[in-house]
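Participant: The following block contains the structure, expressed as structure tokens.
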């Protein structure tokens, strides 16, 4: 159904700034002041975004500071957030990550305001912060510019209402209206695999209205929404523009920042996902893909480009090799500070560290890997990535059986009749219970009978009886997929 009245939709806000300047504290202060104790009690799990109301106007916060979805969306040319809040500590002013955040906001062409935090501390200098911002070409209103600024103390919850009021005013100036579209589209904020519920994805609706039972797809996954809940964990039937929801029903785990769309038919959604995603020989289990952060320093621009190009060729299906910084010259104290903050590893090509960096590395027990041959540097990065991966679980399907009859049902056990479709069904096997091509539960074959006798195994095309232990009830026609898992050292 198309909307008949267009109105301003809630702004989506992302919070950025230097580490330890109070991004997380600000988000927590907003939650504490604007979400009642009863409602807050409903937030049982981290959802990745939440909605607050200020004087009747709603605001959606992406509640992981500098959330990866924001940057991933920016790299895809799509606008994930509408407004940015740049947090700067009043006692420290501009830092390296502050500069990076300003750069991100400019590249995204996103309106933003400045929250000068920690005004409760002694020896602060708010005017110096504003002057330093001017040095970064960020001119706040009190300095003749157009960027709003608010003084706050996230710790003491001071200035939060003024900050929210400024966000509302900025949003009204932008006139971000609802759009007349069929279906819905938006962005994946985060996703993980729940052992009981399967793939759980947090989606932020950007256009249209998302409904329970909608068929959706991203570039890597698709499915029908079976369950949809808001940030308080309450079941909802629909979600409008700028609202975050947790959904269950996707068949694979999407990546933060991917765009989702709704489709009329499952086949269309499947074609979209399979046609757009990168082909991978092995899909990494949801929530298990890891990241290694690295810093690269080289002697010349040409060397640096050669190293970066070689790093891009390293397979990254299982782990993301994230280059936090790539620069020329010797390793300095700033590099080591970034290394410590980002939990990164430093690799250098034909360079060394200066005295301050050397002292800090000794103090912080940080090792710098130095090379004169690019190939050796790349091999060392591969080894470091494999160390981060550790061991992985490899799953092998060993058999399938179809449930022909349900004879008796007890609490967590059922006596069933079945037929082996493929492989060899063995007593004690772990099984997936599949119904209409979807996994509904897991279980274990406790006992097997053939011709009234207990047996250890049943071969292909043979019928048998079994005692199955599972939390969900099995139905006639279900397929039992038997598998085994093995832990092996991960390789790229």
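Participant: Before anything else, pin down the relative contact order of the chain: Cα pairs under 8 Å, at least 6 apart, normalised by residue count, whole percent. Kindly include the intermediate steps, with their values, before the conclusion.
Facilitator: Working: 1080 pairs, mean separation 50.3, N = 492.
About 10 percent, as a whole number.
Participant: For residue 355 and residue 106, compute 0.36 nm times the residue count separating them, minus their Cα-Cα distance, and round to one decimal in nm.
Facilitator: Numbers: separation 249, 0.36 × 249 = 89.64 nm, distance 3.50 nm.
So the extension gain works out to 86.1 nm.
Participant: Can you compute the helix-only [θ] at 222 nm over the chain? Use -39500 (n - 2.57) per DSSP H run of at least 4 residues, normalise by all residues, nearest 500 deg cm²/dmol. Don't skip to the answer; put the middle values down first.
Facilitator: Values: 11 runs with 120 residues, N = 492.
Per the formula, -7500 deg cm²/dmol.
Participant: If you don't mind, another one. Between residue 330 and residue 441, how high is the FRET efficiency from 1/(1 + (r/R0)^6) when r is the Cβ-Cβ distance and R₀ = 41 Å? Nearest 0.05. Each step should come with its number before you reach the end.
Facilitator: Numbers: r = 58 Å, r/R0 = 1.42.
Computed FRET efficiency for residue 330 and residue 441: 0.10.
Participant: Sort 187, 181 by Cβ crowding within 10 Å, fewest neighbours at the top. Please list the in-between numbers first.
Facilitator: On the way: 187 28, 181 15.
Ordered from fewest to most neighbouring Cβ atoms within 10 Å, 187, 181 come out as 181, 187.
Participant: Mind checking the angle between helix 126-135 and the chain's longest principal axis? C-alpha axes, 0 to 90 degrees, to the nearest 10.
Facilitator: 80
Participant: Give, in nm to one decimal, the length gained when the segment between residue 122 and residue 146 is fully stretched (0.36 nm per residue of separation minus the Cα-Cα distance).
Facilitator: Values: separation 24, 0.36 × 24 = 8.64 nm, distance 2.85 nm.
Stretched fully, the residue 122-residue 146 segment lengthens by 5.8 nm.
Participant: Two decimals is fine: what is log10 I(q)/I(0) at q = 0.05, 0.09, 0.10, 0.13 Å⁻¹ for the chain, from a Debye sum with one equal scatterer on every Cα and no solvent?
Facilitator: -0.26, -0.79, -0.94, -1.29
Participant: May I ask you to order 477-484, 391-398 by the average number of other C-beta atoms within 10 Å around their residues, highest value first?
Facilitator: Details: 477-484: 17.8, 391-398: 11.9.
Sorting 477-484, 391-398 by mean packing, highest first, produces 477-484, 391-398.
Participant: Moving on to the next point. For helix 160-174, what angle does its Cα long axis make with the longest principal axis of the chain, in degrees from 0 to 90 and rounded to 10?
Facilitator: 90
Participant: Which of rounded, prolate or oblate describes segment 110-250 when judged by the alpha-carbon gyration tensor and an a/c cut-off of 1.5? Don't skip to the end; give the middle numbers.
Facilitator: On the way: a/c = 2.90, a/b = 2.12, b/c = 1.37.
Prolate is the answer for segment 110-250, as a/c is 1.5 or above and a/b outweighs b/c.
Participant: How much length, in nm to one decimal, is gained on full extension between residue 455 and residue 308, taken as 0.36 nm per residue of separation minus their Cα-Cα distance? Mind showing how you got there, number by number?
Facilitator: Working: separation 147, 0.36 × 147 = 52.92 nm, distance 5.91 nm.
Gain in length upon complete extension: 47.0 nm.
Participant: Please list the three semi-axes, largest first and in whole Å, of the ellipsoid equivalent to segment 393-489, using sqrt of 5 times the eigenvalues of its alpha carbon gyration tensor. Each step should come with its number before you reach the end.
Facilitator: Values: eigenvalues 79, 50, 32 Å².
Semi-axes (√(5λ), whole Å): 20, 16, 13.
Participant: Here is a follow-up. If you line up the long axis of helix 23-34 against the longest principal axis of the chain, both from Cα atoms, how many degrees apart are they, to the nearest 10?
Facilitator: With both axes taken from Cα atoms, the answer is about 80 degrees.
Participant: Under a plain spin-label model, where a point goes 7 Å from the Cα along Cα-to-Cβ, how far apart in nm are residue 463 and residue 169?
Facilitator: Placing both labels 7 Å beyond Cα along the Cβ direction yields 7.9 nm.
Participant: Explain nothing, just the number: relative contact order of segment 365-467, from Cα pairs under 8 Å at least 6 residues apart, as a whole percent.
Facilitator: Numbers: 154 pairs, mean separation 22.5, N = 103.
About 22 percent, as a whole number.
Participant: Which order, highest average first, do 406-418, 235-247, 153-165 follow once you tally other Cβ atoms within 10 Å for each residue and take the mean per peptide? Walk me through the numbers before you get to the answer.
Facilitator: Details: 406-418: 14.8, 235-247: 19.7, 153-165: 18.2.
In decreasing order of mean packing, 406-418, 235-247, 153-165 become 235-247, 153-165, 406-418.
Participant: Still on this structure, please answer the following. What does the C-alpha gyration tensor say about the overall shape of segment 290-389? Classify as rounded when a/c is under 1.5, otherwise prolate if a/b is larger than b/c, or oblate. Can you show the working numbers first?
Facilitator: On the way: a/c = 1.92, a/b = 1.25, b/c = 1.53.
Because a/c hits 1.5 or more and a/b fails to exceed b/c, segment 290-389 counts as oblate.
Participant: Also, I was wondering about something else. As an exercise, use a Förster radius of 22 Å and the Cβ-Cβ distance of residue 274 and residue 317 to find the FRET efficiency, rounded to the nearest 0.05. Can you show the working numbers first?
Facilitator: Details: r = 17 Å, r/R0 = 0.76.
Efficiency, rounded to the nearest 0.05: 0.85.
Participant: Note down the nm distance, to one decimal, between modelled labels 7 Å out along Cα→Cβ at residue 489 and at residue 177.
Facilitator: Each label point lies 7 Å from its Cα, and together they span 6.3 nm.
Participant: Then there's this: Based on the mean of other Cβ atoms within 10 Å per residue, sort peptides 368-378, 92-102 so the most packed one is first. Could the numbers behind the result be given before it?
Facilitator: Values: 368-378: 15.3, 92-102: 19.4.
Descending mean neighbour count gives 92-102, 368-378.
Laboratory data are not the source of any read-out in this text; all were calculated from the coordinates shown. For clarity, every value in this text was computed on a predicted model and none was experimentally measured. Cβ coordinates were reconstructed from backbone atoms using ideal geometry, including for glycine residues, and neighbour counts include every protein chain displayed.
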